[in-house]
Amino acid sequence: MTLSLPAPSRGGHAPFPVPWSPLAIETDRCKGCELCVTACPKACLALDPGTVNRLGYHPVQLTDAAACTSCAFCARVCPDAVFTVYAAPKEAAR
Amino acid sequence: MSALAPAAPRVIYRRPELLTDVSTRYCPGCGHGVVHRLVAEVLGELGLGPRTIAVAPVGCSVFAYEYLALDWCEAPHGRAPAVATGIRRVRPDAFVLTYQGDGDLAAIGTGEIIHAAARGELITAIFVNNGIYGMTGGQMAPTTLLGQRTTSSPTGRDARDAGYPVPMTEMLAVLPGVAFAGRGSTADPSSIGKTKSMIRKACEAQLHGDGFAIVEVLSNCPVGWGMTAPESIVHLRDVVTRTYPLGVLVDRTGRGRAQGPEAPDGTAPADADPAGASSSATPAAGSGDAAHAAKEA
Amino acid sequence: MTTAPVDTTAPASPTSPVAAPGEAPSFSLAGTPEFPRRVLMKGNEAIAEAAIQAGCDAYFGYPITPQAELLEWMARRMPEEGRTFIQAESELGAINMALGAAAAGARVLVSSSSPGISLMAEAMSYMAGSEVPMVLINVMRGGPGLGSIQPSQSDYFQAVKGHGHGDYRVPVLAPSSIGEAMELVATAFELAERYRTPAMILADGILGQAMEPVELRFRTPERVEAPWALTGADGRPPRVIRSLHLQPEDLEEHNLHLQEKYHAISEREVRWAGERLDDAELVVVAYGIAARVARTAVARARASGIRAGLFRPISLWPFPSEQLAELAGRVRGMLVVELSAGQMVEDVRLAVEGRVPVAFDGRTGGMVPSPDEVVEALRELDATGLSARRSRRARRRQPGPVSGAEHLHPHRPLPEAESGHEALSIFGDDAWMPLWYTVPVPTRHGHDGPGRGRRGPAGRAGGKR
């Protein structure tokens with residue numbers, strides 16, 4: 001799965017050279033409850049049926065990083081606090 | 001063109017530090033996990049972790065002491081407000097928090113919660129109401145809805161023999177010792193956000209010496225209700241809130257601790273409105289300011 | 001004989017004004033160490049003041065007869081000393097407040113009477129399992145149920161056999177006089193904190209309500225370090241006070257640890273007192289107020305030719321079983337006197353293991369046995385005590401005092417008794433002296449008042465060895 005980089009921000013700065021993801025998911029904490037899947041307004045989360053984590057569940061995965069707006073609704077509803085949410089990185093100011 | 005330095009992605013949200021590394025025993029989708037997280041977030045933001053002594057209930061959240069990195073005292077079923085009172089009185093510098101379920105607070109513990117509130121104890125009570133006894137296998141609670149099927153109301157709660165769901169927080173809001181009483185839920189991100197700000201307000205009521213503060217958080221029990229987690233959220237949002245409306249029930253914060261004995265007519269000196277804003281069931285929008293304005297009106 | 005008028009600074013009326021902080025407290029300890037004040041004090045109030053002087057940080061209670069005066073004294077005095085007092089919404093509330101305060105490291109006292117103590121069983125079990133120290137005073141009244149407000153000793157089983165659920169015991173101390181009760185409050189705090197356990201004082205309605213002359217000399221036990229106490233996890237790992245151990249292996253280990261603790265207490269904390277035991281043939285075994293009655297009965301029995309003695313357990317748990325067993329080896333019979341239908345008698349019978357007949361005389365329902373009833377029971381025991389066994393014993397019995405009596409220590413010294421410190425109990429052979437004798441006057445006994453400096457054959461209860 002390739003990550004698409006964020007569109008250039010205002011001011012015409014170039015995109016970042018390193019790939020990043022708006023979500024870091026601790027898959028071994030996830031219990032597959034799907035509350036985040038329902039809460040996500042961009043429908044970019046889904047359980048991964050091909051993986052069973054240490055707790056015995058299908059953990060959630062980010063299916064469309066480009067669609068993610070870092071709204072953090074997933075993190076808000078998650079009972080197990082599996083998400084770390086990042087926003088599009090800003091360049092260092094001059 | 002200036003050289004671009006790749007900056008680190010900005011963190012919008014990360015797991016609060018006061019949550020331990022232990023994976024909780026709660027069922028998938030259980031609201032306790034959300035409330036634990038909110039408590040960890042608020043205590044962390046207010047810097048209260050090192051000062052807090054928390055009191056754990058009996059119920060699913062009996063293990064709260066494994067999930068939040070605080071000093072904890074286990075209380076017998078229902079007695080958490082009394083245990084918290086004892087801690088509060090001998091440790092004036094501590095921040096004292098109770099965490100209780102609906103059986104703990106609204107059934108066996110009614111005496112203790114009412115009198116802690118009546119005394120205006122400077123404690124913050126978190127009341128997780130999922131309308132069922134989860135730990136013991138899904139029996140009826142005082143807050144179970146009419147018609148709801150549980151293992152001890154298999155044909156649905158009938159008011160004729162089991163009475164009506166108990167509105168504990170409305171009852172407590174009447175007491176002058178209560179500085180803040182609100183009801184939130186874990187139904188959706190917006191409610192969760194409002195619940196968090198209520199929890200914060202309830203903590204501040206203790207810090208400012210305003211009085212007793214309670215936040216009731218409507219929560220789900222997917223296994224006990226016989227639903228998937230997403231279904232239980234829909235039920236919480238659409239059905240449970242009809243019996244238990246959300247909002248700030250009373251906000252008497254800002255008055256500070258009454259100094260000296262009360263006025264001869266029995267009112268606390270700073271309490272101009274003993275009945276508080278709880279006389280009507282109309283919920284405020286969830287912001288303390290609106291409720292305050294409603295009270296002044 | 002003239003006496004100085006007794007001036008008790010303890011106001012008689014509960015509506016007396018409370019001293020404001022900074023003012024002299026409403027209760028004065030005036031007097032010198034050599035001639036401490038002696039005042040006539042109500043038991044409940046004396047016990048309360050002893051707890052305050054012993055460093056009690058917090059008191060939680062609920063009004064119940066016959067101990068309401070203890071709560072009222074605390075209501076007045078604790079705020080004067082800047083300490084915590086709460087009249088809780090119920091005994092349930094009170095004992096659970098105590099759990100919290102004690103878990104946070106405070107020295108805590110709760111008092112109640114029989115029906116209220118029943119409500120406290122749950123929290124006592126939790127405190128025993130969580131190893132939280134505190135002191136609970138039961139001023140026993142008639143039962144079961146609502147019973148009466150008259151004194152009784154019918155809560156012995158409740159106190160000694162665990163009281164709440166689970167495999168646990170608590171140290172139980174039983175005073176026989178108000179002065180002794182005052183001293184035992186300090187001892188109870190010590191035991192509780194030394195062993196991290198709740199401890200009980202088993203008093204009764206007479207001790208609570210009566211007034212006796214007491215010396216205003218108190219003891220403040222040193223604080224024990226409490227590295228387990230909840231203070232807020234500031235710069236250290238969080239602590240948890242709990243009794244839940246879901247894994248059976250864990251809970252077994254925890255229970256074995258508790259049992260080790262109880263074993264240590266049993267070895268080191270047995271307390272009892274004896275009178276006229278050296279040449280006794282029949283022994284009356286009684287505690288608390290029953291022992292006061294029994295002492296008079298023993299004196300009257302002796303006067304009528306029965307060689308009677310008194311064995312008075314002071315620690316009901318751990319029970320002085322070894323000492324009773326030793327005693328059983330050289331007496332003809334025992335008579336247990338209780339204000340109940342017979343509870344301690346079972347432990348006496350267990351201790352003597354059938355070697356001597358153990359009879360029982362008691363009254364229930366708030367009635368108090370009279371010394372003459374006890375003497376009558378002694379006569380019956382003397383006459384009907386299984387004559388066959390008696391003749392066998394007569395053949396085996398040695399004349400004169402039994403060698404080895406010196407092994408029978410009448411009293412274990414308090415583990416941290418300071419040198420020169422006399423115990424406060426006036427429980428001596430002259431405890432029945434008239435109550436007008438309240439001021440220390442020089443007598444043939446010496447300067448310290450009645451009973452001081454005398455060494456009776458079995459020593460004085462609480463006397464230092």
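The values are calculated or read from the model by the stated rules, or taken from the named source; none is laboratory data. Remember, predicted model here, so these are calculated numbers, not experimental data. Cβ placement follows ideal geometry from the backbone for every residue including glycine, while neighbour counts extend to all protein chains displayed.
Of the residues that sit in segment C:153-163 and are at pLDDT below 95 and either surrounded by fewer than 24 Cβ atoms within 10 Å (Cβ to Cβ) or within 14 Å of the chain's Cα centre (by Cα) (or both), which one is nearest to C:ARG194 (Cα to Cα)? Ranking the qualifying residues of segment C:153-163, first place goes to C:GLY162. When residues in segment A:44-59 are screened for being touching a residue at least 12 places away in the same chain (Cβ under 8 Å) and either touching a helix residue (DSSP H, G or I) at 6+ places or on another chain (Cβ under 6 Å) or among the small types (Gly, Ala, Ser) (or both), 6 of them pass.
Count of segment B:94-118 residues, restricted to those that are more than 8 Å from every other protein chain (Cβ to nearest Cβ) and part of a loop (DSSP other than H, G, I, E, B), is 1.
The residues of segment B:11-34 that are outside any loop (DSSP other than H, G, I, E, B) and not hydrophobic (A, V, I, L, M, F, W, C), listed by number, are B:TYR13, B:GLY31, B:HIS32, B:GLY33. Only residues that are within 9 Å of another protein chain (Cβ to nearest Cβ) and touching a Ser or Thr at 6+ places or on another chain (Cβ under 7 Å) were counted in segment C:56-81, giving 2. Of the residues contained in segment C:251-270, none is found to be β-branched (Val, Ile, Thr), in contact with a helix residue (DSSP H, G or I) (Cβ under 7 Å, 6 or more places away or on another chain) and within 14 Å of another protein chain (Cβ to nearest Cβ).
Does B:ALA106 fit the bill of being touching a strand residue (DSSP E or B) at 6+ places or on another chain (Cβ under 7 Å) and at pLDDT 95 or above? Taking the combined requirement at face value, the residue does not satisfy it.
Are any residues in segment C:283-298 at pLDDT below 95 and farther than 19 Å from C:GLU180 by Cβ, and if so, which ones? Listed by number, the list holds a single entry, C:ALA297.
If the requirement is being more than 10 Å from chain B (Cβ to nearest Cβ) and part of a helix (DSSP H, G or I), which of these qualifies: C:ALA128, C:ALA101? After ruling out the rest, the residue left standing is C:ALA128.
Select from segment C:353-368 the residues that are surrounded by fewer than 22 Cβ atoms within 10 Å (Cβ to Cβ) and either over 23 Å from C:GLY205 (Cα atoms) or not assigned by TED's automatic domain parsing to the domain that holds C:ILE289 (or both) and list them in ascending order. Answer for segment C:353-368, where residues must be surrounded by fewer than 22 Cβ atoms within 10 Å (Cβ to Cβ) and either over 23 Å from C:GLY205 (Cα atoms) or not assigned by TED's automatic domain parsing to the domain that holds C:ILE289 (or both): C:GLU353, C:GLY354, C:ARG355, C:PRO357, C:ALA359. Of all residues in segment A:70-80, exactly one satisfies the criterion of being surrounded by fewer than 22 Cβ atoms within 10 Å (Cβ to Cβ) and in contact (Cβ under 8 Å) with a residue 40 or more places away in the chain, namely A:SER70. Identify, by number, the condition in (1) modelled with pLDDT under 95; (2) under 15 Å from B:ALA125 (Cα atoms) that B:GLY256 doesn't meet. Here B:GLY256 meets the rest and fails (2). Look at (1) facing chain B (nearest Cβ under 9 Å); (2) assigned to a helix (DSSP H, G or I) and you find that C:GLU89 fails only one, number (2). In segment B:57-93, which residue that is part of a loop (DSSP other than H, G, I, E, B) and under 16 Å from B:ILE126 (Cβ atoms) is nearest to the other protein chains (Cβ to nearest Cβ)? Among them, the one singled out is B:ARG79.
Looking only at segment B:43-56, count how many residues are of a type in the set (D, E, K, R) and either facing chain C (nearest Cβ under 10 Å) or free of Cβ contacts under 8 Å to residues at least 24 places away in the same chain (or both). Qualifying residue count for the region: 1. Is it the case, given these coordinates, that B:VAL35 is under 19 Å from B:LEU105 (Cα atoms), within 14 Å of chain A (Cβ to nearest Cβ) and among the β-branched types (Val, Ile, Thr)? Here the answer is yes, as B:VAL35 does meet what is asked. Being over 15 Å from B:PRO230 (Cβ atoms), at the interface with chain B (Cβ under 8 Å from one of its Cβ atoms) and at pLDDT below 95 is the requirement here; does A:SER70 meet it? Yes; evaluated as a whole, the condition is true for this residue. Which members of segment B:166-202 meet the condition of being away from chain A (no Cβ under 14 Å), part of a helix (DSSP H, G or I), crowded, with 24+ Cβ neighbours inside 10 Å and touching a helix residue (DSSP H, G or I) at 6+ places or on another chain (Cβ under 7 Å)? B:MET168, B:LEU172, listed by residue number.
Only one of C:PHE218, C:PHE189 is surrounded by 23 or more Cβ atoms within 10 Å (Cβ to Cβ) and outside any strand (DSSP E or B); which?
On the way: C:PHE218 fails: surrounded by 23 or more Cβ atoms within 10 Å (Cβ to Cβ).
After ruling out the rest, the residue left standing is C:PHE189.
Does at least one position in segment C:111-119 carry a residue that is facing chain B (nearest Cβ under 10 Å) and either in a helix (DSSP H, G or I) or touching a helix residue (DSSP H, G or I) at 6+ places or on another chain (Cβ under 7 Å) (or both)? Among the residues of segment C:111-119, not one is facing chain B (nearest Cβ under 10 Å) and either in a helix (DSSP H, G or I) or touching a helix residue (DSSP H, G or I) at 6+ places or on another chain (Cβ under 7 Å) (or both), which makes the answer no.
Only one of the numbered conditions (1) surrounded by fewer than 24 Cβ atoms within 10 Å (Cβ to Cβ); (2) at pLDDT 95 or above; (3) more than 10 Å from chain B (Cβ to nearest Cβ) is not met by C:THR84, and that is (3). Does at least one position in segment C:140-148 carry a residue that is within 25 Å of C:ALA264 (Cα to Cα), buried (at least 23 other Cβ atoms within 10 Å of the Cβ), in contact (Cβ under 8 Å) with a residue 12 or more places away in the chain and within 15 Å of the chain's Cα centre (by Cα)? Checked segment C:140-148: no residue is within 25 Å of C:ALA264 (Cα to Cα), buried (at least 23 other Cβ atoms within 10 Å of the Cβ), in contact (Cβ under 8 Å) with a residue 12 or more places away in the chain and within 15 Å of the chain's Cα centre (by Cα).
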